[in-house]
Amino acid sequence: WDVTLMLAKPRQELHVANVQVRRRDGDEYARVNIELSGRRIRGTIVDENDKPIAGAVNVLRGFTPETGVRVDADGSFELLGVDPGRVSLSAIAKGRESVPVEVVVEKDSDPEPVTLVVAPEEEIACVLTTGAGFPIAGAHVSFPAQPGIGSTYSSPSGRFRIAAPRGTSRVPVAILAPGMPAKIAMIDVPARGRTVALIVHEPGGVLRLSGSSTHPWPWIFRDGARFSFATLLTPPAGNGPPSWLRADGIYMSVEPGTYTLCREPFVSDACVQRTIAPGATELFDLPAAKEAAK
């Protein structure tokens, strides 16, 4: 079973996977003992004036919500049972968000206390065009948002807006435009009142993901941007299979460039990196990469 625990103190929602539930013969109920074996993260939420503020803190592994806790007016919080690895902490308070803070949780020690500063969101205006300057309408745009991924579509003029906490310097986006290569990019937040120009470059290449590499979905990296590979998959049209699905894996049209695929939401020696040229197909086989890393 996958179990959600609602702790009374701290007021934390905790998700625990793969809990075995067994009932002894003769017993009316099964007794389940759950041991929180992870580490503890402490910290404080403050506003732009460095004053503590009530709100909530979310913990994400990649873009997947893992746990969260409600925070009282003193701003202090404590998170229990956080498994080792890289996680991202972000806070919400009175309609404001904090810039995500990455924390490395070690196996044998708790991390240093974290301060999360909440600030009003700012909208970033963008325009999406082809290399020839024609606007791209109806493109699906994904970007980080509380508590995971936000999305929007480009207008007939190719324009769209995304939101980010004030103080954010760069925002990753994944763009799926009909009939065009997928684009993964990092947006540099411009000065207020300016518009970010984004171009989908053609012709694209093909990223082929072997069938054995699809479960769980890997993470894809390009130029500092990171998304779950599933973010790039469009739903099938009609009742047939999606166009990207074939017997020997997934074939995804992407912009030319260098891509890295990883099992975890961070880059390591177990990842696979390929440079995809226009019109070329590159195979990403994560199990093969793991064997090479060993």
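The values are calculated or read from the model by the stated rules, or taken from the named source; none is laboratory data. As the structure is a computational prediction, the values presented were derived from the model and not from experiment. Positions of Cβ are backbone-derived with ideal geometry, glycine not excepted, and every protein chain shown enters the neighbour counts.
Being under 22 Å from S98 (Cα atoms) and either of a type in the set (D, E, K, R) or in contact with a Leu (Cβ under 8 Å, 6 or more places away or on another chain) (or both) is the filter here, so list the residues in region 157-208 that pass it.
R161, R166, R170, V173, A174, A185, I187, D188, R192
Would you mention how many residues in region 175-211 are acidic (D, E) and farther than 15 Å from E255 by Cβ? Write out each step before concluding.
Our first condition is that a residue be acidic (D, E); within region 175-211, this holds for 188, 202.
Within this subset, residues satisfying the condition of being farther than 15 Å from E255 by Cβ are 188.
Here the count works out to 1.
Looking at region 6-49, which of its residues are touching a Leu at 6+ places or on another chain (Cβ under 9 Å) and basic (K, R)? Write out each step before concluding.
Applying the first criterion (touching a Leu at 6+ places or on another chain (Cβ under 9 Å)) to region 6-49 yields 6-7, 10, 12-16, 34, 36, 38-46.
Once the filter is applied, which keeps residues that are touching a Leu at 6+ places or on another chain (Cβ under 9 Å) and basic (K, R), region 6-49 yields R39, R40, R42.
Scan (1) surrounded by fewer than 15 Cβ atoms within 10 Å (Cβ to Cβ); (2) aliphatic (A, V, I, L, M); (3) in contact (Cβ under 8 Å) with a residue 40 or more places away in the chain; (4) closer than 22 Å to S154 by Cβ for the single condition M186 breaks and write down its number.
Here M186 meets the rest and fails (3).
Inspect region 126-135 for any residue being under 24 Å from P265 (Cβ atoms), surrounded by 15 or more Cβ atoms within 10 Å (Cβ to Cβ) and under 23 Å from the mean Cα position of the chain (by Cα) and give the result as yes or no.
Within region 126-135, the first condition is being under 24 Å from P265 (Cβ atoms), and the residues that meet it are none.
No - not one qualifying residue is present in region 126-135.
If you scan region 12-21, which residues turn out to be part of a loop (DSSP other than H, G, I, E, B) and modelled with pLDDT of 85 or more?
Once the filter is applied, which keeps residues that are part of a loop (DSSP other than H, G, I, E, B) and modelled with pLDDT of 85 or more, region 12-21 yields V19, Q20, V21.
Select from region 139-154 the residues that are farther than 21 Å from S98 by Cα, out of contact with any Lys or Arg (no Cβ under 9 Å at 6 or more places or on another chain) and surrounded by 13 or more Cβ atoms within 10 Å (Cβ to Cβ) and list them in ascending order.
Answer for region 139-154, where residues must be farther than 21 Å from S98 by Cα, out of contact with any Lys or Arg (no Cβ under 9 Å at 6 or more places or on another chain) and surrounded by 13 or more Cβ atoms within 10 Å (Cβ to Cβ): H140, V141, S154.
Identify all residues within region 22-44 that are modelled with pLDDT under 90 and β-branched (V, I, T); write none if there are none.
Within region 22-44, V32, I34 qualify.
Looking only at region 1-16, how many residues end up being within 21 Å of G43 (Cα to Cα) and of a type in the set (D, E)?
1
Among the residues of region 92-119 satisfying the criterion of being charged (D, E, K, R) and assigned to a loop (DSSP other than H, G, I, E, B), which is surrounded by the most Cβ atoms within 10 Å (Cβ to Cβ)?
Filtering region 92-119 down to residues charged (D, E, K, R) leaves 94, 96-97, 102, 106-108, 110, 112.
If we keep only those that are assigned to a loop (DSSP other than H, G, I, E, B) as well, we get 94, 106-108, 110, 112.
Details: K94: 10, E106: 10, K107: 10, D108: 6, D110: 13, E112: 9.
Across region 92-119, the extreme among qualifying residues is D110.
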